[in-house]
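Asks: Below you'll find the structure I mean.
FYI, it's all coordinate maths here, none of it is from the lab. Keep in mind it's a predicted model, so treat the numbers as computed, not measured. Note: ideal-geometry Cβ built from the backbone for every residue, glycine included; neighbour counts use all protein chains shown.
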Amino acid sequence: MSTLHRLKQTVSTRIQQRPVTQAATSRIAPDETVPVNFTVNGRPATVHVAPRVTLSDALRDHLGLTGTHIGCEHGVCGMCTVLVDGDAARACLLLACQLDSAEIMTVEGLGKPEDLHPLQASFGKHHALQCGFCTPGQLMSAYDLLDKDPGIGRDELPEQLSGVLCRCTGYRNIVDAVAEVAETHPNGLPAPRNCAATELLPRASVGGPSRSAVGVDEVDLEGIAEIRMPQAEPTVSIAVHQQVRAEPQQLWSVMSDTERLARCLPGAELVVDFGNDRYKGRVQVALGPVKLAFLGDIHVVERDETTHTIRALVQAADASSGNVQAEVVVAVDAAGSGSAVRADARVHMTGRIAQFGRSLASDVSKDMFGQFTAALDAMARGEEPAEVKPPSALAMTLRIPAARVRALLNRIRGRN
Amino acid sequence: MKPAPFGYVRPAEVGDAVAELVRADQEGGGKVLAGGQSLMPVLAMRLGRPATLVDITRIAELQQVQVADGELRIGAAVRQRRIERDFGGVVPLLSRALPWIGHREIRSRGTVCGSLAHADPSSELPAVATCLGATLDVIGPYGKRSVPAAEFFTAAMTTVLAPVELVASVRVPLPSSGSGFGFAEVARRHGDFALAGVAVSVTSREGVPRSAVVTAFGVSDKPQRRDLTRQVVAAVNAVGPAPEALTSQLVAATEELADEVVTTEGDSSGSPAYRRRLISALGARELARAFNSSMERSTR
Ligand SMILES: Cc1cc2nc3c(=O)[nH]c(=O)nc-3n(C[C@H](O)[C@H](O)[C@H](O)COP(=O)(O)OP(=O)(O)OC[C@H]3O[C@@H](n4cnc5c(N)ncnc54)[C@H](O)[C@@H]3O)c2cc1C
Ligand code: FES
Ligand code: FES
């Protein structure tokens, strides 16, 4: 080999030629997929990736964290800016496999819709975004800047913020927004608002895009996390009463058997029973082009035989659209020759599903509840319920006023 | 744009990294992966398709920065932003040049040695290393060698490195008393590669210039280092040290310099004539400033 030969002539000190010590060397073949563990927004995450998968793709496609945008994919535009081990970096220029044990923070970690970080609030106040495409990158770059140098002067901002391009705003409003935060927090930027270990994004949603987002093989078999309801106002509150033919005792016999109860819920399925009234389950919802597959944790916290009431906490995520947390109470009372079924739910939504709006979300939820009680009634009376299908495009459009469906479609087209 | 498939190895020791490079060289070609800030775009655009990337960033030995024996020694895994943040002012010319490299987000990952190995002719660090007479420690299958920066860069994006070698560290001399520095460049936007730039180092004693070096970049296939001591001495004798007068007096010398070093063809961003103007204007100004700061540093 000629290079080696040439090198032989030029070296001054000799080192011993040695075989590769395999132990400490990580090696991944081009077509091999390996698990990579890191922390995203304070939560442990695992992605299964081949070497060429970038961090930006891993975040978006494997973890459903689509807040990190992709523009050029070669380092120029800054759309993909995230924090890696505390410093802002281009996610499109990093390989996911390089980052095991790294700490990553994305725009999702910065704040929540109901609890925005001051930087996010300031962007809103100063109209520092129009289309919003660059906004996650701008926010993460600005966060990095003010985190290291909180007292930075306004004059320095244009240069320091030049790493992320914006095609809409002309930058002045972005500089105004960041300058105000620098002025109001001269002694240190407030911490991110959504990096705590509470409100866990179920680890089960970590994995491949659609297949493994709900795949049983991805389920964390150790159990479910403690579910805590947010303090804020729920996104939707639902209270539904329905008269059914079955008697309370018949209904209760189904309700006290979680397996059978789950079969009454359209599109739902129990995946794992951990005992102790804790379960992993999934629900599929299809609304026109929208297909959501929620996988999450269910904890039945109360079963009252005397009042025929069950209360459950649910925490579920769809890989790309967001999280749902809900407290659901179902109670049955004797009424007339049959029973009255009452359901009350307080539902908190974050992520893109929150954009569906309250009315549509409650229409969908009410429709699901309607199908649920019908199925519950049938099963309680010993009929095998007509197959409960996930709320489907056709069924939904029949029940929900067309105008609402159009509004939803517009939102999806405009914002996706 | 997604890169074509490649294999990935992350050795924990320098010797293993070299062994991996040798192995990769025999099996379809390998590339060192440091900060990835130049390599990843090349892969994404499929301008390069190495079969294997050898990630050197977790090799503890290469993560070291040391100030010893009159030098700042920077290991190959050390990122630009770390030098900027933790070693600011240790080598003043380096501190002046670093903020010009891309953006914070780029410097968070990009390494000092990676920029040297990449040898982009418009890059700041090759010019700084050349101007200051830095030394690169190169390691390969048959041992180590030390290469002065002046000999390291051979052409655009080409160095004396063999595919089985890596830069283990760069050693940059610390400033002596009575030294002053200048740095300037012009780019279309902040963070873009320079159309033209200069790195300047001057030493003086008791108001008399002892040495004056200008390194021009972005104007030819590699950094161009020229000794202008004689011209600076003559200009100081003629008009004294006041920066403005000295700058005007030096322009004739830097125009001559510019005529010699600007060899790139023009492009849409600037003609050769424009680049010559930049080199002569920036060169004269930075020489005058560097001389003045060298006097301050020697009288202190
Ligand atoms: C948007 C953007 C703007 C930029 N602007 C500038 C700028 O203005 N000025 C500037 O100078 N740079 C700029 N860069 C490039 C940046 O500075 C890179 O960090 C640097 O050029 C390469 O360093 P790296 O550690 O990222 O190397 P990598 O990208 O990992 O590697 C670059 C090349 O060098 C080789 N290599 C790396 N380290 C070694 C080593 N130790 N031994 C042997 N070979 C090695 C690699 O195999 C590869 O061929 C910019 C990059 C981007 C994306
Ligand atoms: S998508 Fe990463 S910089 Fe453009
Ligand atoms: S808001 Fe549209 S690109 Fe910045």
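Asks: Along the charge dipole of the range B:82-198, pointing to its positive end and built from +1/-1 on Cβ of Lys, Arg, Asp and Glu, which listed residue (B:Pro173, B:Thr130, B:Thr158) has its Cα farthest out?
Replies: B:Pro173
Asks: Still on this model: Quick one: putting +1 on the C-beta of Lys and Arg, -1 on the C-beta of Asp and Glu, what dipole do you get for the range B:179-299 around its Cα centre, in Debye to the nearest 20? Spell out each step's value before the answer.
Replies: Values: 14 positive and 14 negative charges, 50 e Å.
Dipole magnitude for the range B:179-299 comes out near 240 debye.
Asks: What ranking do A:Cys166, A:Cys195 get, fewest neighbouring Cβ atoms within 10 angstrom at the top?
Replies: Values: A:Cys166 22, A:Cys195 18.
Ordered from fewest to most neighbouring Cβ atoms within 10 Å, A:Cys166, A:Cys195 come out as A:Cys195, A:Cys166.
Asks: Shifting gears a bit: Between helix B:243-261 and chain B, what is the angle of the helix's C-alpha long axis to the longest principal axis, kept within 0 to 90° and rounded to the nearest 10?
Replies: 50
Asks: Which order do the peptides B:30-36, B:251-257, A:48-54 come out in when sorted by mean C-beta neighbours inside 10 angstrom, highest first?
Replies: Numbers: B:30-36: 24.1, B:251-257: 18.9, A:48-54: 22.1.
Most protected by this proxy first, the peptides run B:30-36, A:48-54, B:251-257.
Asks: What are the extents of the Cα atoms of chain B along their three principal axes, listed from largest to smallest and rounded to whole Å?
Replies: 63, 45, 32
Asks: Give the cross-link partners of A:Lys125 among the lysines, using a straight C-alpha distance below 25 Å as the criterion and excluding same-chain residues fewer than 8 apart.
Replies: A:Lys112, A:Lys148
Asks: Got a sec? Charge dipole of the range A:81-161, +1 on Cβ for Lys and Arg, -1 for Asp and Glu; which of A:Leu139, A:Ser122, A:Leu93 is way out at the positive end?
Replies: Comparing the listed Cα positions along the dipole, A:Ser122 ranks first.
Asks: Would you mind working out the magnitude of the charge dipole of the range B:49-204 relative to its Cα centre, with +1 at each Lys and Arg C-beta and -1 at each Asp and Glu C-beta, to the nearest 20 Debye?
Replies: Numbers: 16 positive and 14 negative charges, 78 e Å.
Around 380 debye, computed over the range B:49-204.
Asks: Could you list, in their original order, any pairs among B:Lys2/B:Lys222; B:Lys31/B:Lys144; B:Lys2/B:Lys144; A:Lys280/A:Lys366 whose Cα atoms are separated by more than 28 Å? All intermediate terms of the calculation are to be shown ahead of the outcome.
Replies: Working: B:Lys2/B:Lys222 30 Å; B:Lys31/B:Lys144 19 Å; B:Lys2/B:Lys144 36 Å; A:Lys280/A:Lys366 23 Å.
Violating the 28 Å limit, Cα to Cα: B:Lys2/B:Lys222; B:Lys2/B:Lys144.
Asks: Using 15 Å as the cut-off for backbone N distance, which residues of the range A:319-350 belong to the label zone defined by a point 7 Å from the Cα of A:Arg381 along Cα→Cβ?
Replies: Answer for the range A:319-350: A:335-341.
Asks: Give me the one-decimal nm value for the distance between modelled label points at B:Glu265 and A:Asp100, 7 Å along each residue's Cα-to-Cβ direction.
Replies: Reported label-point gap for B:Glu265 and A:Asp100 is 4.8 nm.
Asks: Can I ask one more? Using only Cα atoms and rounding to the nearest 10 degrees, what angle (0 to 90) does helix B:14-26 make with the longest principal axis of chain B?
Replies: 70
Asks: Give the Cα extents of the range A:278-357 along the principal axes, in whole Å, largest first.
Replies: The Cα atoms of the range A:278-357 stretch 43, 27, 18 Å along the principal axes, largest first.
Asks: How do A:Tyr279, A:Tyr171 line up, fewest other C-beta atoms within 10 Å first? Please report the intermediate quantities before stating the final value.
Replies: On the way: A:Tyr279 22, A:Tyr171 17.
Arranged by neighbour count, lowest to highest, A:Tyr279, A:Tyr171 become A:Tyr171, A:Tyr279.
Asks: Return P(r) of the range A:29-185 (all Cα-Cα pairs; 10 Å bins starting at 0; whole %; ordered from short to long distances).
Replies: The percentages, shortest bin first, are 11, 41, 32, 13, 3, 0.
Asks: Run through all the Cα pairs of the protein assembly as shown and give the fraction in each 20 Å bin from 0, expressed as whole percent.
Replies: Result returned by the calculation: 16, 39, 28, 13, 4, 0.
Asks: I'd like the orientation of helix B:272-299 relative to chain B: the angle between its Cα long axis and the longest Cα principal axis, in ° from 0 to 90, rounded to 10.
Replies: The helix B:272-299 is inclined about 70 degrees to chain B.
Asks: Here is a follow-up. Once you place label points 7 Å from the Cα toward the Cβ at B:Arg188 and A:Glu183, how far apart are they in nm?
Replies: 3.5
Asks: Using a Förster distance of 41 angstrom, determine the FRET efficiency expected from the C-beta separation of A:Gln130 and B:Arg49, and round it to 0.05.
Replies: Details: r = 39 Å, r/R0 = 0.94.
Efficiency, rounded to the nearest 0.05: 0.60.
Asks: What's the exposure ranking of A:Lys125, A:Lys112, B:Lys144, going from fewest to most Cβ atoms within 10 Å?
Replies: Details: A:Lys125 13, A:Lys112 20, B:Lys144 16.
Exposure proxy ranking, most exposed first: A:Lys125, B:Lys144, A:Lys112.
Asks: Here's a follow-up. Could you sort the peptides A:323-335, B:195-207, B:146-158 by per-residue average Cβ neighbour count (10 Å cutoff), highest mean leading?
Replies: Numbers: A:323-335: 19.3, B:195-207: 23.5, B:146-158: 16.0.
By packing density, highest mean first, the sequence is B:195-207, A:323-335, B:146-158.
Asks: What whole-number value in cubic angstrom gives the convex hull volume per residue for the C-alpha atoms of the range B:7-55? Before the final figure, lay out each step's value.
Replies: Values: hull volume 2.9 nm³, N = 49.
Hull volume over Cα atoms, normalised by residue count, gives 60 Å³.
Asks: Let me ask another. Within 10 Å of each Cβ in B:163-174, how many Cβ atoms from other chains are there, averaged over the peptide? Walk me through the numbers before you get to the answer.
Replies: Details: counts 1, 4, 4, 0, 0, 0, 0, 0, 0, 0, 0, 0.
For peptide B:163-174, the averaged partner shielding equals 1.
Asks: Grab the beta carbon distance between B:Asp227 and A:Phe274, set R0 = 60 Å, and tell me the FRET efficiency rounded to 0.05. The partial results should precede the final answer.
Replies: Working: r = 77 Å, r/R0 = 1.28.
That pair, B:Asp227 with A:Phe274, gives E of 0.20.
Asks: Here is a follow-up. Under a no-solvent Debye model with one identical scatterer per Cα of the range A:59-151, what's log10 I(q)/I(0) at q = 0.17 Å⁻¹?
Replies: Per q value, in the given order, log10 I(q)/I(0) is -0.73.
Asks: With +1 on each Lys and Arg Cβ and -1 on each Asp and Glu Cβ, and nothing else charged, work out how big the dipole of chain B is about its Cα centre, in Debye to the nearest 20.
Replies: Working: 34 positive and 31 negative charges, 124 e Å.
Roughly 600 debye for chain B.
Asks: Continuing with this model, one more query. Percent of Cα-Cα pairs per 5 Å bin, from 0 to the last occupied bin, for the range B:102-214, please list those.
Replies: Histogramming the range B:102-214 at 5 Å steps yields 2, 10, 19, 20, 19, 15, 9, 5, 1, 0 percent.
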